[in-house]
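These notes are about the structure you will find just below.
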Amino acid sequence: MRLYNSLTREVEDVRPVEPGHPKIYACGPTVYRSAHLGNLRTYMLSDLIRRALELEGLRVTLVMNITDVGHMTDESSPEAIDKMLLAVEDEGLQPLEIARKYTEAVFEDAAAVGIRPADITPKATEHIPEMVALTGTLVDRGHAYVVDTGSVYYDVASFPGYGQLSGNTLENLREGHRDLETDPRKRHPADFALWKSAGQGRVMKWPSPWGEGFPGWHIECSAMSMKYLGERFDIHTGGTDLRFPHHEDEIAQSEGAVGHRVVSIWVHGGHLRQSGQKIAKSTGNVIRVQDLEDHGLDPLAFRWLCFQTQYRSEMDFSWDAMEAADQRVKVLRHRMAEWAPTAATLGDDATTFDTRFRGAIADDLSLPAAVRVVNELVSSAAVPDGEKYALLAAWDHMLGLDLEREAKAGWKPGEDVRALIEERDAAREAKDYATSDRLRDELAGLGLEVMDTPEGTRVRPRT
């Protein structure tokens, strides 16, 4: 498999440090609010990479962290407010109760869109000793310094490679840069917090050699990734907005502590947008899994929608596109039901399709190309039905669309189809033939054969 490495800006082969066992670290949720579809597209990236590597027969270990220590946008300013404390005030729960509530919620939403759980999901609050120890190592190695209040900052000037991932230079990172916190005690405006002294009223705080405080945002990922995956591992994923400062700072921390490169390939996913605006909690422009369900759509169809756009690119969400994705997934499931049972072997034409699909996935996770292969297979007259079933069932380990759902259950019309049937029967009763014909076409578009009987409309998968 080959992936685009954001650090080198080249597509590179995945060459596991431990042969046959690639290891991935994914930046996970900050659990003070519900996840939205933009978050889930990002979390889906590591899921897809894991599935792609498993498609090649490899054993994969995936770690995704849970950030349950609230961090501020500008932690040194007096008016800064901890996001977790805002959630506490809004909901009347304690910080760890807030974290537990939204951790469970994000796992439910992730499962709804077909994201398999990571092998390890470490929580920041359960790894404070590791963060304190790593901070101490950076102080001892001359990469960090303590200020008089008991806060500890990383000295970016001590790390010659700082800025390589993001393309930033220390000359450009001056006071007032939107991604930098301000503190007059810092040696350089780009220096960032490893440990913050607890101010008055701080709820979540822990003891340290520098006094009571709490970890900076970036240190948790260095501490937990190296604890579970070692000082050298293969792939690190996250949204493109994490390149700077989070991942840039993580590189400086991890490599500053161990003295060598830690992550082989950095992979970043593009933003999800709606109406030209980034879907984000900060903008209030959010769509959640529940919104899909409220529209009568299968959340798994969001995967198919995501597959239309290369993971590194920005993706536009629209309800029309989402509904089209939902319809397509339903058609694929209907076709699987009519193609069953699966063939035991593949002929030459089917094997060619299989080679093309796997090649697309291996080529920097080129899912738009893989989608084209799926669509061509469905309409191919050269591949027998049983072989089509066998291919899509195997590919679904990668796609995660539950394509065998109807075939395994024995096909029965779902709620959406039954609603269309009832509406069509009512239209026929009212002699509204235009509506009746439109609904017939809609049912046919789902891959169904529509039959008029004395008892009303009947449907079955089209053969």
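Matching residues to (1) at positive phi; (2) crowded, with 22+ Cβ neighbours inside 10 Å:
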{"position": "GLU250", "(1), (2)": "no, yes"}
{"position": "SER275", "(1), (2)": "yes, no"}
{"position": "VAL286", "(1), (2)": "no, no"}
{"position": "HIS295", "(1), (2)": "no, no"}
{"position": "ALA301", "(1), (2)": "no, yes"}
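Here's a check for you: in region 115-165, which residue that is small (Gly, Ala, Ser) and in contact with a strand residue (DSSP E or B) (Cβ under 6 Å, 6 or more places away or on another chain) is surrounded by the fewest Cβ atoms within 10 Å (Cβ to Cβ)?
Once the filter is applied, the top-ranked residue is GLY150.
Can you work out which of the residues in region 356-367 that are open to solvent by 30 Å² or more (accessible area, probe 1.4 Å) and over 15 Å from HIS397 (Cβ atoms) is nearest to the chain's Cα centre (by Cα)?
ASP363
Looking at (1) under 24 Å from the mean Cα position of the chain (by Cα); (2) farther than 22 Å from LEU96 by Cα; (3) of a type in the set (Val, Ile, Thr), can you tell me which one VAL152 breaks?
Among (1) under 24 Å from the mean Cα position of the chain (by Cα); (2) farther than 22 Å from LEU96 by Cα; (3) of a type in the set (Val, Ile, Thr), VAL152 violates only (1).
Inspect region 389-409 for any residue being surrounded by fewer than 18 Cβ atoms within 10 Å (Cβ to Cβ), under 11 Å from MET336 (Cα atoms) and free of Cβ contacts under 8 Å to residues at least 40 places away in the same chain and give the result as yes or no.
Within region 389-409 (the criterion being surrounded by fewer than 18 Cβ atoms within 10 Å (Cβ to Cβ), under 11 Å from MET336 (Cα atoms) and free of Cβ contacts under 8 Å to residues at least 40 places away in the same chain), the answer is yes, since at least one residue qualifies.
Please give the helices (runs of 4 or more DSSP H) falling wholly within region 393-463 in which 2 or more residues are under 32 Å from the mean Cα position of the chain (by Cα) and at pLDDT below 90.
Result: 405-409, 415-429.
Does at least one position in region 296-313 carry a residue that is outside any loop (DSSP other than H, G, I, E, B) and touching a strand residue (DSSP E or B) at 6+ places or on another chain (Cβ under 6 Å)?
Checked against the condition, which is being outside any loop (DSSP other than H, G, I, E, B) and touching a strand residue (DSSP E or B) at 6+ places or on another chain (Cβ under 6 Å), region 296-313 yields no hits at all.
Results for (1) under 30 Å from GLU130 (Cβ atoms); (2) part of a loop (DSSP other than H, G, I, E, B); (3) within 17 Å of the chain's Cα centre (by Cα); (4) at pLDDT below 95, shown as yes or no for each residue.
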| position | (1), (2), (3), (4) |
| --- | --- |
| ILE235 | yes, no, yes, no |
| GLN253 | yes, no, no, no |
| ALA257 | yes, no, no, no |
| TRP266 | yes, no, yes, no |
| GLU293 | no, no, no, no |
| MET322 | no, no, no, no |
| VAL329 | no, no, no, no |
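Quick check on region 1-29: of everything there that is among the aliphatic types (A, V, I, L, M) and in a loop (DSSP other than H, G, I, E, B), which residue is farthest from SER254 (Cα to Cα)?
Among them, the one singled out is MET1.
Can we say PRO189 is assigned to a loop (DSSP other than H, G, I, E, B), open to solvent by 20 Å² or more (accessible area, probe 1.4 Å), in contact (Cβ under 8 Å) with a residue 12 or more places away in the chain and in contact with an Asp or Glu (Cβ under 7 Å, 6 or more places away or on another chain)?
Here the answer is yes, as PRO189 does meet what is asked.
Would you call GLU212 of a type in the set (Asp, Glu), out of contact with any strand residue (DSSP E or B) (no Cβ under 6 Å at 6 or more places or on another chain), closer than 23 Å to VAL147 by Cβ and open to solvent by 10 Å² or more (accessible area, probe 1.4 Å)?
yes
When the residues of region 224-233 are narrowed to those that are assigned to a loop (DSSP other than H, G, I, E, B) and open to solvent by 30 Å² or more (accessible area, probe 1.4 Å), which ends up farthest from TYR4 (Cα to Cα)?
Filtering first and then ranking leaves GLU231.
The values are calculated or read from the model by the stated rules, or taken from the named source; none is laboratory data. Since this is a predicted model, take the numbers as computed values, not measurements. Reconstructed Cβ throughout: ideal geometry from the backbone, glycine too, with neighbour counts over all protein chains shown. For the accessible areas, the whole protein counts, side chains as well, though only heavy atoms, and no ligand, DNA or RNA atoms are used. Shrake-Rupley method; radii C 1.70, N 1.55, O 1.52, S 1.80 Å.
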